[in-house]
Every structure is written in structure tokens, then in C-alpha cells.
Amino acid sequence: MKLYNLALSNFASKSRVAIYEKGLDIELVDPPGGLGSAEYKKVNPLGKVPALDIGGQLIAESEVINEYLEDKFPEKPLLPKDPEGKARVRSFTRHHDLYLEPPIRALFGQMSPKTRDAKVVEEKLADVTTRLDQVEAMLTPNGPWATGNMFTLADAALTPTLFFAVNLLPAFGAKSPLEGRPKLTAWWGRVQERPSTKKVLGEQAAAMAAMQRRG
């Protein structure tokens with residue numbers, strides 16, 4: 001198996017968390033020709049990462065990949081066994097993909113003060129604030145992980161995107177995403193020390209530093 005991957009991508013990072021948690025021997029490769037290239041679209045028509053190649057069959061989209069890995073390698077589970085627990089985790093990952101991540105991603109294109117659209121920034125920051133408040137409300141009060149005592153795909157999804165929130169929001173003059181959110185703050189402290197997520201966060205940080213050096 002091989003995963004088409006970029007270290008900075010939060011969606012690819014989500015799948016790497018699952019891979020590292022399960023201790024899987026999956027090769028990590030860059031998309032040939034680069035993200036969105038004609039060459040890579042011959043492999044994955046979406047042109048996005050991650051994409052998992054399993055002997056010629058391609059599985060795209062991070063959550064589909066993670067659920068496949070859960071079905072294929074159930075020995076170190078990242079989903080609870082009970083239907084209610086599974087639904088809670090999936091509600092978290094769905095919220096991440098559809099509501100939390102998009103406004104954060106929209107801010108990437110507003111990084112340069114010279115070309116920044118103040119109205120777009122204001123709208124997206126307000127949306128991010130709402131979504132982070134929703135995450136704070138969704139986090140279990142009984143921890144230590146997003147949905148309870150078990151580290152799950154919910155934690156795998158939230159970790160790489162919160163990395164962007166922590167590093168990105170202050171660049172727009174916004175307060176830290178942790179401020180006023182005690183459950184999220186406690187969770188973030190723990191997730192930075194877990195081996196799988198610590199490794200992924202380190203990979204993201206190194207990739208971000210390299211991108212900044214390139215300008």
C-alpha cells in the first residue's frame with residue numbers, strides 16, 4: 001500500500017495519524033507532478049491528497065481512507081464498538097470536514113496583507129469562532145480524548161486542523177483558538193504528547209517552516 005501525501009496537508013495528516021496509531025507499513029509518497037497536476041490526475045482524478053493505493057485500486061478522501069483502514073486493520077481500533085459511540089465519532093469527523101475546516105482553509109488565500117480582503121477575513125473568522133465554540137461544546141467533559149476515554153478518528157481529524165488554527169489565526173489579529181475554551185485547551189495539551197499525533201504535528205511544523213523559507 002502507498003499513500004499519496006503531503007506533510008502539511010491537514011487531510012493527509014489525518015490519515016497519517018490513523019496509520020501511525022495502527023503501526024501500519026504504508027509507503028508515503030508525494031503526488032507525481034505535484035498536487036492538482038495532469039500527471040497526478042491520471043492517478044487520482046480529484047488531484048487531491050490523500051489517496052490510498054491498494055494494489056492498483058485507489059481510495060480517495062481522508063475519511064473514507066481512515067474508515068477503510070479501520071475495517072481492514074481492526075486490531076488497534078479507532079472507532080468504538082457500539083453504534084452510539086461510532087455515531088458520536090462520525091458526527092465529530094463530519095463536523096470537522098463540513099463546518100470547521102472550510103473557513104480555516106478559506107483564510108489561506110488571505111495571508112498576504114497586500115491582497116487581503118478584509119470583508120472575507122471578517123466573515124471567515126466569525127465562522128471559525130462559531131465552529132470552534134461548537135467543538136468546545138462537543139468535546140466530552142470526561143476526556144481525555146474528543147469523545148471519551150478512547151482515542152478515535154475524531155481526534156485524528158481534529159489534530160491537524162487545530163494546528164492550522166493555532167498557527168494561522170494570530171496572523172489575522174484574532175485571539176488564540178484555545179482562549180476561553182478550557183476543554184479544547186486541555187485536549188490540545190494531551191494530543192501534542194501522544195506519539196502518533198506528536199509525530200504528525202512535527203511533520204506539519206517542519207513542512208510549514210520549509211514553505212516559509214521558500215517564501
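The values are calculated or read from the model by the stated rules, or taken from the named source; none is laboratory data. What you see is a predicted model; the values in this text were computed from it and never measured. Please note: Cβ atoms are built from the backbone with ideal geometry, for glycine as well, and neighbour counts cover all protein chains shown.
Computed values, structure above
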read-out	value
Unmet criterion (only one of (1) under 18 Å from ASN10 (Cα atoms); (2) over 17 Å from the mean Cα position of the chain (by Cα); (3) not aromatic (Phe, Trp, Tyr)) for LYS41	(1)
Residues located in the stretch 41-59, provided they are of a type in the set (A, V, I, L, M, F, W, C), surrounded by fewer than 17 Cβ atoms within 10 Å (Cβ to Cβ) and not in a loop (DSSP other than H, G, I, E, B)	ILE54, LEU58
Selection within the stretch 141-199 - under 17 Å from the mean Cα position of the chain (by Cα) and among the acidic types (Asp, Glu)	ASP155, GLU193
Every residue from the stretch 1-40 that is part of a loop (DSSP other than H, G, I, E, B) and buried (at least 17 other Cβ atoms within 10 Å of the Cβ)	ASN5, LEU6, ALA7, LEU8, SER9, ILE26, PRO31
Helices (runs of 4 or more DSSP H) wholly inside the stretch 126-215 that include at least 3 residues being in contact (Cβ under 8 Å) with a residue 40 or more places away in the chain, of a type in the set (S, T, N, Q) and within 26 Å of GLU70 (Cβ to Cβ)	195-214
One residue from PRO182, PRO144, PRO195 being at pLDDT 95 or above, over 24 Å from MET111 (Cα atoms) and touching a Lys or Arg at 6+ places or on another chain (Cβ under 6 Å)	PRO144
